[in-house]
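First the structure, in the form of structure tokens, and then the observations on it.
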Amino acid sequence: MILGEIRSLMKKINIGIQLGSDKQWDIAGTIFGLVASVAILSQLLSEFDRQAPSTLSFGFVFGFLLVYGFWLFYGLRFKRPALIISNVIAFSLQLTLLLVITIN
């Protein structure tokens, strides 16, 4: 019974994902990527204001730098503007954040 309900829900989700054009998905991807970049920017500004050493670990920040780098190259490889735009910004901000926490 539960398995049947899960399959039905998954089918509905899949149909919902298929709605919309590639352009609409690119616009949504760019918007959500920029929202993520704003989150990084807020952390970066917080680190600039911090007088004490950062509480962010190098591994955490570097790990996300690798993630943004991967998605940037993925976007370049498959020519996906949403991935390119948002990840150029996110990668740059994350790299700056990494430098700030390393220097402090």
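Results, tabulated for the structure shown:
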| read-out | value |
| --- | --- |
| Shape parameters for the range 1-45, alpha-carbon atoms, Rg then Dmax in Å | 16.6, 51 |
| Top positive-direction residue, dipole computed over the chain with Cβ charges, set G75, T102, G59 | G75 |
| For the chain, with +1 on Lys and Arg beta carbons and -1 on Asp and Glu, the positive-most of A90, L44, G20 along the dipole | G20 |
| Rg to Rh quotient for the chain, alpha carbon positions, Kirkwood Rh | 1.15 |
| Dipole moment magnitude, nearest 20 debye, the range 21-103 about Cα centre, only Lys, Arg, Asp, Glu C-beta charged | 240 debye |
| CD proxy at 222 nm, helix term only [per DSSP H run n ≥ 4: -39500 (n - 2.57); per residue of the chain; nearest 500] | -30000 deg cm²/dmol |
| Mean separation of Cα contacts under 8 Å (6+ apart) over length of the chain, as relative contact order % | 37 percent |
| Karplus (6.51, -1.76, 1.60) ³J(HN,Hα), θ = phi - 60°, over the range 20-37, in Hz, Gly and Pro reported as x | x, 7, 4, 4, 5, 5, 5, 5, 4, x, 5, 4, 5, x, 5, 4, 4, 5 |
| Extension reserve of the D22-L41 stretch, reckoned as 0.36 nm per residue once the Cα distance is removed | 4.0 nm |
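Taken together, the values in this text are just the output of simple stated rules run on the coordinates, not laboratory data. Computed from a predicted model, the values in this text were never measured in an experiment. Note: ideal-geometry Cβ built from the backbone for every residue, glycine included; neighbour counts use all protein chains shown.
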